[in-house]
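Heads up, the thing below is written out as structure tokens.
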Amino acid sequence: MDVLDRLFGSHAQVKIMRLFLFHPGEIYEPKDVVRLARVDSKVVRRELENLSKAGLVQKKSASKETKVLNKNGKPKKKKVSGWMLNADFPYLKPLQNILVNVRPLSSGELAKRFHGAGTIKFLVVSGVFLQQWESRVDLLVVGDKLSEARVHNVVKVLESEVGRELSYASFSTQDFLYRLDVYDKLIRDILDYPHERIVDKLQIQ
């Protein structure tokens with residue numbers, strides 16, 4: 001049980017595990033984990049050590065491309081040392097089933113997250129929330145007096161909990177209904193494929 005105790009020791013640890021499980025070949029420096037999982041740096045260091053002792057992650061060094069170009073116009077490379085998912089971890093598959101294939105938040109909790117973003121009339125989840133990995137959009141937010149900054153911030157927090165970047169679209173009610181009437185491709189790609197309506201005050205057929 002020592003491994004399980006280490007793995008499920010805290011909410012921060014679960015967020016960090018999801019980050020690595022969704023990006024199995026990626027090397028993350030501690031500062032990257034702090035930024036993406038939104039966890040305090042001291043907590044990140046502690047949790048990475050715990051996960052390392054459990055065998056889920058391992059230290060790795062590699063050369064990575066940067067956004068800086070050299071004189072030939074090619075990205076410069078730098079050596080980075082960080083942590084990567086251990087592909088040989090014996091409980092990797094069941095752990096993925098628990099943390100990747102199970103929704104991190106209930107429908108009610110998701111709805112609450114957007115309460116301060118405006119008057120939500122239609123909130124739909126798809127993509128990562130339903131394990132529909134090819135979906136164009138993970139979240140559709142429709143409402144009146146929407147604060148785009150607030151919506152964006154809620155999505156960023158959700159990303160830190162889910163463990164990966166989310167694709168989302170937000171529209172005013174008027175704009176959404178217009179797009180619905182003209183059979184907008186993005187809207188149809190969401191509504192014609194597997195999705196779940198968290199809030200549906202518009203009673204869309």
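The values are calculated or read from the model by the stated rules, or taken from the named source; none is laboratory data. Since the model is a prediction, treat every value here as computed from it, not as a measurement. A quick note on method: Cβ atoms are made from the backbone with ideal geometry, for glycine too, and the neighbour counts reach across all protein chains shown. SASA here: full protein model, heavy atoms, side chains in, ligands and nucleic acids out. Shrake-Rupley method; radii C 1.70, N 1.55, O 1.52, S 1.80 Å.
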| field | Residue satisfying condition, being among the hydrophobic types (A, V, I, L, M, F, W, C), free of Cβ contacts under 8 Å to residues at least 40 places away in the same chain and closer than 19 Å to Gly163 by Cβ, within set Val33, Val68, Val44 | value | Val44
| If you take the residues of the range 41-74 that are of a type in the set (Gly, Ala, Ser) and in contact with a helix residue (DSSP H, G or I) (Cβ under 9 Å, 6 or more places away or on another chain), which of them is nearest to Lys15 (Cα to Cα)? | Ser41
| Out of (1) farther than 27 Å from Val141 by Cα; (2) not in a loop (DSSP other than H, G, I, E, B), the odd one out for Pro24 is which? | (2)
| Inside the range 66-95, can you point out the residues that are loosely packed, with under 15 Cβ neighbours inside 10 Å, out of contact with any strand residue (DSSP E or B) (no Cβ under 8 Å at 6 or more places or on another chain) and of a type outside the set (A, V, I, L, M)? | Lys71, Asn72, Gly73, Lys74, Asp88, Pro90, Tyr91, Lys93, Pro94
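Please count how many residues of the range 96-109 are part of a loop (DSSP other than H, G, I, E, B), open to solvent by 50 Å² or more (accessible area, probe 1.4 Å) and of a type outside the set (A, V, I, L, M).
Residues in the range 96-109 being part of a loop (DSSP other than H, G, I, E, B), open to solvent by 50 Å² or more (accessible area, probe 1.4 Å) and of a type outside the set (A, V, I, L, M): 3 in total.
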| remark: Counting only residues in the range 1-21 that are at pLDDT below 90 and either open to solvent by less than 10 Å² (accessible area, probe 1.4 Å) or in a loop (DSSP other than H, G, I, E, B) (or both), the one nearest to Ser52 (Cα to Cα) is identified as Leu7
| message | Cβ contacts < 6 Å: first residue closer than 14 Å to His23 by Cβ, restricted to the range 92-108; second residue surrounded by 10 or more Cβ atoms within 10 Å (Cβ to Cβ), any location; separation 6+ or different chain. Result? | response | Gln96/Leu21; Leu99/Met17; Leu99/Arg18; Leu99/Leu21; Val100/Leu21
| task | Name the residue, out of Tyr168, Tyr193, that is surrounded by 14 or more Cβ atoms within 10 Å (Cβ to Cβ), under 25 Å from Arg18 (Cβ atoms) and in contact (Cβ under 8 Å) with a residue 40 or more places away in the chain. | result | Tyr193
| request: Could you grab me the full set of residues in the range 18-31 that are out of contact with any helix residue (DSSP H, G or I) (no Cβ under 9 Å at 6 or more places or on another chain) and among the charged types (D, E, K, R)? | output: Glu29
